[in-house]
Every structure is written in C-alpha cells, then in structure tokens.
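To keep things clear, I will list the structure first and then write my remarks on it.
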Amino acid sequence: MNKLLTIAIPTFNRSHLLDKQLAWLAMAIKGFESDCEIFVSDNCSIDNTHEIVTNCQQAFSNATLAYYRNSQNIGLMRNFTTCLQTAESQYVWVIADDHKIRKEAIAYVVHNLKAHPDLSVLALNFSIYSIQTGEIVLERAFKVDNEKVRTDGQAVIEDSLTANWILGLMSGMIYKTEIVKQALQKWTSVSENPEGQIYLTAFCAIHGSIKMTKEVYIDYLSPMFFQTRPKEWFIRHYTELPEIYTKLVEIGYSEKLCRNLILNHFSQKNNWKVVLGAIRRWPILATKTILPYLALVCVSAWKIIFSPQPLQVGR
C-alpha cells in the first residue's frame, strides 16, 4: 500500500458528470498527488466515458489516474464494491460522479488520515437538496457539535441509528481499506442490498476508531425515491433496510437496539396507505415484500417482550 488514499469514482453513461467531477478533482488534489491515486470504474458505458478519462490524463500528470471498464453493467452497488475491492491504498474513498464535493474536502481528508492512523471510518457531513426543486431538505446529516476521534465506534453507530442519521451516502464515508475488505468477506452478498453501505460503515466502526465531521463537505442532490422511483423505494423501505438491522446483530451490535429499530420502523415509518397502494399496483411483488417484513416485526416484538433470554445489548 504505497499511497495513503484511493479516490474511486463508479460511473455509468454520465460522461458529462464524470468530466466535471474529474475537473474538480484535478484542481482539489494539487499538493496531495503523492498521497492519492484516482480510479474510475466504468460500468460498461456506451457513451464517451473512456474518452473523457483519456482526455483528463494530462490534468493528472503528477498523480495516478487508472481506468477500468466492466465487461457488462453489474449495477451500482456491485460497481461500488468493485471500487472497494480494487483499492490498494491505506484508505479508500468512493465518490459518486454527481455529488458536489467542496474544494477543501481533500485537504481535510488527507490531513486527518495522516494525523489519526487508527481511524477505520472518516464520515464527512453533508447537506441534502431536492433534485426536483433545489430546496434544502437537510442542512447537516450529522448533528455533531464537537468533532473528535472516537474509539467507541459501536456506540457512535448505535447512537447514529437511534437518531436516524444517514450512514449510507456513498461519498460520505472514507474507509480503512483492509477493514472494509474484511466486511465484504463477512457478508459476501452485501452488494445485493442498496443500503449495504450502512453495514460496511458499521463494520468498520466496530473494528477501529471513527470521526464524524461537524462541517459540511458534500452537497447531495437527492432524487427523492419516494416520488420518482416508488417501486424501488418500497423494496428498499420494507426489505433492504430491515435486512441491514438483522445483519448488524451478526457483527456484534445490540440485538435489543436492532430489534427496537425494526419495531420503530413499523410503528413510526410504516404507511399503510403506501402498502395498500403497492398491493394494488404490484400485487405479487408487494405481497412477497410485505409478508416477510411483517414476520420480522412479529419476531422482533416477541423477542423483546416475551423472550425468556435477555437480548444482547452491546457496549
């Protein structure tokens, strides 16, 4: 691992966005070329993505810019995990081609990774804007008042989950490479779950130190899946996110907390109008989705209320 940081960009048929992201990166990386390497993972684009990367090579004359093209479109999450698996630096930061990273971010990241070699996760705070209206939805994803390195990573993640902080923004997490690769080995099908980054973050945090920033370093334009991709949102809400909670128990997180998260999800975030609407629109898919979800809720309630064995509470 000669380099400190791999900055990886998964992309697919968005050469105009990749061009802008590489232009920002070429400017922001100045002075840190010896610490960083750039990797573009092309998900079998049919536009001029390869040409864009080739044209940008000169701008990265003092830094390594590597390009890989998948033989077929393997999906966003698999392309994301490909970036993690390919990295050979001490840390890996996967950034989306359409996320606006503030110019001071790289300097901040490099400085902190050097100053705190025990870090397994560096979480960058971000703002969320609606892509439809441009209005701000959330000013700061993490309500951090005094940022510092925390050695109790499990406690940080459990508190974040309880507070409903968003731990799954692609560009928001920098991981220690060897630990995130262990996470990928632990749950080999994590790339099949679009919420899998929550698991990766939690795994890394429990195996080292974590720092969450107070300042915002990313502006995220959210597509608001509930409005624009209702079927995708339904599956994510009722299948993929609850699965994450069960997986966290397997790696040492509090079963009591995770079971309560499932029950809170049912009591506070469940919407029966949405469920009934989904059954009318996609009866087979909705039924296959909602029945296992309800079974998971029932099991969680039983374990919390009636289980003769006390649930593992972590920490």
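Each reported figure results from applying straightforward, stated rules to the coordinates on display, with no laboratory input. Here the structure is a predicted model, which means the values were calculated and not measured. Reconstructed Cβ throughout: ideal geometry from the backbone, glycine too, with neighbour counts over all protein chains shown.
Rounding to the nearest 20 debye, state how big the charge dipole of segment 224-297 is about its Cα centre with +1 on each Lys and Arg Cβ and -1 on each Asp and Glu Cβ.
Numbers: 11 positive and 5 negative charges, 70 e Å.
Dipole magnitude for segment 224-297 comes out near 340 debye.
Any number yet on Rg/Rh for segment 227-305, C-alpha, Kirkwood?
Taking Rg over the Kirkwood Rh, I get 0.99.
Kindly express, to the nearest 10 degrees and within the range 0 to 90, the angle between helix 241-250's C-alpha long axis and the longest C-alpha principal axis of the chain.
90 degrees
Roughly how big is the chain's charge dipole about its Cα centre, with Cβ charges of +1 (Lys, Arg) and -1 (Asp, Glu), in debye to the nearest 20?
Value, rounded to 20: 840 debye.
Taking the number of other C-beta atoms within 10 Å as the exposure measure, put 220, 199 in order starting with the fewest.
The fewest-first ordering by Cβ neighbours comes to 220, 199.
Note down the nm distance, to one decimal, between modelled labels 7 Å out along Cα→Cβ at residue 276 and at residue 103.
About 5.4 nm separates the two model spin labels.
In this model, which of 186/247; 231/273; 3/176; 231/288; 100/181 are farther than 21 Å apart at the alpha-carbon?
100/181
Restricting attention to segment 47-136, which GluC sites (Glu not before Pro) occupy a DSSP loop and are surrounded by at most 16 other Cβ atoms within 10 Å? Intermediate values should be presented prior to the final figure.
Values: sites: 51, 88, 104, 135; in loops: 88, 104, 135.
Passing both the DSSP loop test and the Cβ count: 88, 104, 135.
Mind checking which lysines have their Cα closer than 18 Å to the Cα of residue 103? Skip sequence neighbours fewer than 8 apart in that chain.
Within reach: 20, 30, 214.
If you stretched the chain out fully between residue 304 and residue 138, how much longer would it get, using 0.36 nm times the residue separation minus the C-alpha to C-alpha distance? Don't skip to the answer; put the middle values down first.
On the way: separation 166, 0.36 × 166 = 59.76 nm, distance 3.28 nm.
Full extension from residue 304 to residue 138 adds 56.5 nm.
Looking at segment 92-174, which trypsin sites (Lys or Arg not before Pro) are DSSP coil and have at most 14 other C-beta atoms within 10 Å of their C-beta? Numbers along the way, then the final one.
Numbers: sites: 100, 102, 103, 114, 140, 143, 148, 150; in loops: 102, 103, 140, 143, 148.
Counting only loop positions with at most 14 other Cβ atoms within 10 Å, the trypsin sites (Lys or Arg not before Pro) in segment 92-174 are 103, 143, 148.
Which residue fluctuates most in the GNM of the chain (Cα springs below 10 Å): 299, 274, 109?
274
Work out, in µm²/s and without decimals, the Stokes-Einstein translational diffusion coefficient of segment 66-215 at 25 °C, 0.890 mPa s, Rh from Kirkwood over C-alpha pairs.
This corresponds to a translational diffusion coefficient of 153 µm²/s.
Which loop-located chymotrypsin sites (Phe, Trp or Tyr not before Pro) does segment 261-308 contain, where loop means any DSSP state but H, G, I, E or B and the Cβ has at most 16 other Cβ atoms within 10 Å?
Here the sparse-neighbourhood loop sites are 306.
Determine the distance separating the Cα centre of segment 1-56 from the Cα centre of segment 267-291; give it in Å without decimals.
Here the answer is 40 Å between Cα centres.
Averaging the inverse of every distinct alpha carbon separation and then flipping it gives the Kirkwood radius. What is it for the chain, in angstrom units?
On the way: mean 1/r = 0.0485 Å⁻¹.
So the Kirkwood estimate lands at 20.6 Å.
Tell me, what HN-Hα J-couplings in whole Hz come from the Karplus equation 6.51 cos²θ - 1.76 cosθ + 1.60 at θ = phi - 60° for each residue of segment 86-95, using x for Gly and Pro?
6, 4, 10, 7, 5, 10, 9, 10, 9, 10
Treating the angle as unsigned and between 0 and 90°, give the value, to the nearest 10°, between the Cα long axis of helix 177-186 and the longest Cα principal axis of the chain.
40 degrees
Using only Cα atoms, find the angle between the long axis of helix 196-206 and the longest principal axis of the chain, and express it within 0 to 90 degrees, rounded to the nearest 10.
Here the helix axis deviates by roughly 90 degrees.
When the helix-only estimate is applied to the chain (DSSP H runs of n ≥ 4, each -39,500 (n - 2.57), divided by the residue count), what is the mean residue ellipticity at 222 nm, nearest 500 deg cm²/dmol?
After summing the helix terms and dividing by the residues of the chain, the value is -13000 deg cm²/dmol.
Net charge near residue 280: determine it from the other residues with C-beta under 13 Å of the C-beta of residue 280, scoring Lys and Arg +1 and Asp and Glu -1.
+3
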